[in-house]
Every structure is written in C-alpha cells, then in structure tokens.
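Data block below; observations after.
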Amino acid sequence: MTFEDARLKLMAHVLDQVRNGEVTERGLARRIGISQPHVHNVLKGVRTLSPEIGDLLLRSLHLSLLDLAPLEEIEAQIARRRARQRVTEVPFLATPIGPSRSWPAGVNWRKSFPLPFRSTTVPEQLVMAKIVADPAMTGTLASYDIALLDTSEQGRATIDPHRLYVIERNEQAAIRYIRPGARGAYLATDANLDHPAAWEPLPLSSMQLSEAVKARLLWLGREADRDASTQCGRFLDNPTSS
C-alpha cells in the first residue's frame, strides 16, 4: 500500500463516519485542534491532507495505517517478508544426475536454488542437483525434479540402509538405497526394495564403495517452486546435522 493509497483510504473512512453521523466536521476539528473550515476543505478535496493532519486524524479515530490496509494485503506482505528472510542459495551441480548420467565434474555457480530451510550461510559441501527420470525410483522421485545433496566425507562415511545415496557405477550416478549383505553391499530401488533377491550386488571393497558413493540425499523438491510459500518439498534427512 502506497502513501497515496493510505491517504485515500483514510479520507474515505472519515467521510463515511461524517455521512453516517458518527462524527461531525466541527467535532472532528475540535478533536484534532484545527479549524472547522480547514477540516471541511480537506474532506472536500479543496486542500490536500498533509501527513501531520493525517496523523492527527488517525489518533483521534484510534486507528493506525495497518487498519487502513486490507487483511489480504497484510498477509501477502508478511508472506513475502518471510520468503525474503531465506535468501541463502545453493549452487547446482554442473549436469543432472540419474540413469545414463555420470557424476558431474563440478558445480554451476551461475545457477542456484534457495535452501529449503533457514540458514544465514550455506553448510559446507551442500549442492543442488537436477534429477532425470528414473523408472526404478518412481515411488520416491516421481513428483520431484531437484535434490539437495550432502557431498561431504562425513555424510558419505557411514552408510544407513534407510537413507538414499547417489552412487556412481558403470558411469551412471543413480539414486539408490545401499543395503548390507553377507557378501558385501547391494543396491536397492523403489521397485525391488522388498525383494532382496533382486538387489544389485556391489563387488566393491569398503574403500571402493566410499569412492563410489558421491552424496547423501537430504531433500527433494521442484525447481519451479522457488517461492518458499509454494514449495512442497520432502525432507529425507536432517540437513542441519550434516
């Protein structure tokens, strides 16, 4: 709401009270300490409502500028301010991840996305990644096209069978569950999660596995929903613990 909007709304409010008999021009003049002709000329638009007279009118009517603004406009402004508070953004990996895609060589510093949680700084080793469609992970990824990843050594050091990881094998950086087994680790997908016999074996040593695991998934979202008020993402892990 601009100053001119506030002036016009205040004038309309005062005129309504005068027309409804709730206040008279003379009574209003006495309240604010100016002459009745001056009040009359202001209400008729002959004289401009000055900020000083406007403040006197507000006080006499027990109003504030917020009372002149529609509730919808106040709520929208609050939502915009809350969105602006979260200005920290994370860079994207240089290329997407998923089937037939190798792990990106670096990040694209010209492309970023707001963190899905409040933070004044970007935690070290966090990156966003564009996700390509993966038929084996439709249950988890179907409605999302970006992910927040923790690429830190700490985030990749201990494999949790209930978390999702980006693992590169056969020159593909795919999102998978990593499950331990008697003969090593296995890769599981949404499609075969409940069928251990269908899991993909990983003939890797512990050191090779740590090198193959590129990141842990923290959050899934939609690139089109940059506004925090419309973002319907999903947290998979606690980002602040990374």
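Which count do you get for residues in segment 95-133 that are in a loop (DSSP other than H, G, I, E, B) and farther than 18 Å from ALA174 by Cβ? The number of residues fulfilling the criteria is 12.
Going through (1) modelled with pLDDT of 90 or more; (2) surrounded by fewer than 11 Cβ atoms within 10 Å (Cβ to Cβ) one by one, SER205 falls short only on (1).
Considering segment 14-49, and only residues there that are in a loop (DSSP other than H, G, I, E, B) and of a type in the set (Gly, Ala, Ser), the residue that is nearest to HIS62 (Cα to Cα) turns out to be GLY33.
Among the residues making up segment 29-52, a single one is within 17 Å of GLU4 (Cα to Cα), touching a Lys or Arg at 6+ places or on another chain (Cβ under 9 Å) and surrounded by 14 or more Cβ atoms within 10 Å (Cβ to Cβ): LEU49. Does at least one position in segment 209-220 carry a residue that is out of contact with any Leu (no Cβ under 9 Å at 6 or more places or on another chain), assigned by TED's automatic domain parsing to the domain that holds SER112 and loosely packed, with under 13 Cβ neighbours inside 10 Å? No. Scanning segment 106-127 for residues that are hydroxyl-bearing (Ser, Thr, Tyr) and either free of Cβ contacts under 8 Å to residues at least 12 places away in the same chain or crowded, with 18+ Cβ neighbours inside 10 Å (or both) returns no hits.
Name the one entry in ALA147, ALA136 that is in a strand (DSSP E or B) and surrounded by 17 or more Cβ atoms within 10 Å (Cβ to Cβ). From the options ALA147, ALA136, the qualifying one is ALA147.
Please find, among PRO116, PRO104, PRO135, the residue that is in the same structural domain as SER205 (by TED's automatic domain parsing), more than 25 Å from GLU211 (Cβ to Cβ) and over 19 Å from the mean Cα position of the chain (by Cα).
That would be PRO135, the only listed residue that is in the same structural domain as SER205 (by TED's automatic domain parsing), more than 25 Å from GLU211 (Cβ to Cβ) and over 19 Å from the mean Cα position of the chain (by Cα).
Select from segment 57-75 the residues that are without any contact (Cβ under 8 Å) to a residue 40 or more places away in the chain and assigned to a loop (DSSP other than H, G, I, E, B) and write down the one among them that is farthest from THR24 (Cα to Cα). Among those that are without any contact (Cβ under 8 Å) to a residue 40 or more places away in the chain and assigned to a loop (DSSP other than H, G, I, E, B), it is PRO70.
Number of residues in segment 151-192 that are at pLDDT below 95, of a type in the set (D, E, K, R) and crowded, with 18+ Cβ neighbours inside 10 Å: the value is 1. Out of ARG26, ARG30, which single residue is of a type in the set (D, E, K, R), touching a helix residue (DSSP H, G or I) at 6+ places or on another chain (Cβ under 8 Å), at pLDDT 85 or above and not assigned by TED's automatic domain parsing to the domain that holds ARG226? It is ARG26.
The values are calculated or read from the model by the stated rules, or taken from the named source; none is laboratory data. Every value quoted in this text rests on a predicted model; they were computed, and no experiment measured them. Positions of Cβ are backbone-derived with ideal geometry, glycine not excepted, and every protein chain shown enters the neighbour counts.
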